[in-house]
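Reading through the structure tokens given below for one structure.
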Amino acid sequence: MLRDLEIETKPSCAGQQGRGPSGRRRVGLRRVIARCSMIRPVALGSLSRAYVLATVLALGPVAIASADAEGDRSYLALERAERVFEGMRRFADMQWPVLEVRDQPDSAVLARRGREVAETVFELAGARADMLAALAATPGNVPPELGAIARRMQEAEADLSAGSSAATLSESAESTADRDHALIREVSDAMALPDLAAEAGVTGRRIKWLYESLLTEDLQALRAMSPEALEAGVKGIMAQTREADGETTIPPLRRNLLRNETLRSLRAVLSRLPPGDLATLAAFYVSEEGRAKRNALLHAFRHRVDADGERFLLRMLNEKR
């Protein structure tokens, strides 16, 4: 389909070939979609790790359920799942140097249209409903204290983000020194939030692939494809972008990097919680109910990321046909 997609080919993937700016072989996307195996993401130079974390986590606080609200909603707020999902829309603003495309007059127009489409496709209300439905279908209750703990975590995060006064920094240092670091690591490793952030990076890969293809390729091959071929091809791209997480993956979009950076931030927040809150969280996450709720949330989030990502790609590609 789009000729400038950079891939690693199998012998059966012969097609129109050339060299991209990074020197790797390029093959027509029409053949890629029909026959080839795995996208090879473009390797860029140094990129700020903060870029993707800011994209995923930089939105304002999501409203947290009141103390007497239903437990699954409190758990959803604790994990910041809505915030992470909503933050994925910011990938639609992607520009150079995250894109390996420079001096393209159409890039700003494409990003503007991408953001408009992302606002409608990555729809928070539907994602929230799906996640809550998955949690409701999972047996077991969450501790009634989770709503209050989620609020305290939100306040701690705000304090750490401010970080302007010496008193705040001193208090944070004392708080961290007094905490059980092993327990903090146990809780942070058990929470779903780091894996949710890593999932969001998959959307960034897909948008990067889309924009680079549309900005650098002759669209005649795209327009010649049948709707069925395009849909089948997009499904292949969805699978390939989810699998790609090796050395050639752009560092800010690697799942392990996103997860580790989120863990670091999460542990700083947890270090400011009272000991009783940490004990409550630890007991919940090691329980059968806690593990089941976490798995249900991750499954629902991942499903929604893939479903909405596929709709986004198809809509943007079809607009160019």
Checklist entry - What list of ³J(HN,Hα) values in whole Hz, one per residue of the stretch 300-305 in order, does the Karplus curve 6.51 cos²θ - 1.76 cosθ + 1.60 (θ = phi - 60°) give from phi, with Gly and Pro shown as x? => result 5, 5, 4, 4, 5, 4
Checklist entry - For His181 and Ala239 in one chain, what is 0.36 nm times their gap in residues minus the Cα-Cα distance, to one decimal in nm? => result 17.1 nm
Item to check | For the stretch 277-287, 3J(HN,Hα) per residue [Karplus equation, 6.51 cos²θ - 1.76 cosθ + 1.60, θ = phi - 60°, Hz, x = Gly/Pro] | outcome: 5, 4, 5, 4, 5, 4, 5, 5, 6, 8, 6
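Please work out the Kirkwood hydrodynamic radius for the stretch 193-266, using every pair of different C-alpha atoms, and report it in angstroms with one decimal place.
Working: mean 1/r = 0.0725 Å⁻¹.
The answer is 13.8 Å.
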Checklist entry - Which ³J(HN,Hα) values, rounded to whole Hz and listed in residue order, are derived for the stretch 100-116 from phi using the Karplus coefficients 6.51, -1.76 and 1.60 in 6.51 cos²θ - 1.76 cosθ + 1.60 with θ = phi - 60°, glycine and proline given as x? => result 8, 9, 10, 6, 9, x, 7, 5, 5, 5, 5, 5, 5, 5, x, 5, 4
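Under the √(5λ) rule applied to the eigenvalues of the Cα gyration tensor, what semi-axes describe the equivalent ellipsoid of the stretch 185-321? Give them in Å, descending.
On the way: eigenvalues 293, 51, 21 Å².
Over the Cα atoms of the stretch 185-321, the ellipsoid semi-axes are 38, 16, 10 Å.
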Next on the checklist: For a quick check of your reading of the filter: which GluC sites (Glu not before Pro) in the stretch 233-321 sit in a DSSP loop and have no more than 11 other Cβ atoms within 10 Å?
Outcome noted: Glu247
Checklist entry - Heavy-atom accessible area per residue, the stretch 228-321, 1.4 Å probe: how many Å²? => result 42 Å²
Checklist entry - Over the alpha carbons of the stretch 240-321, what is the largest minus smallest coordinate on each principal axis, giving the biggest first in Å? => result 58, 28, 20
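The values are calculated or read from the model by the stated rules, or taken from the named source; none is laboratory data. Being a predicted model, the structure only gives us computed values, none of them experimental. Glycine gets a Cβ as well: all are built from the backbone with ideal geometry, and neighbour counts include every protein chain shown. The area values use the complete protein model at the heavy-atom level, side chains included, leaving out ligands, DNA and RNA. Shrake-Rupley method; radii C 1.70, N 1.55, O 1.52, S 1.80 Å.
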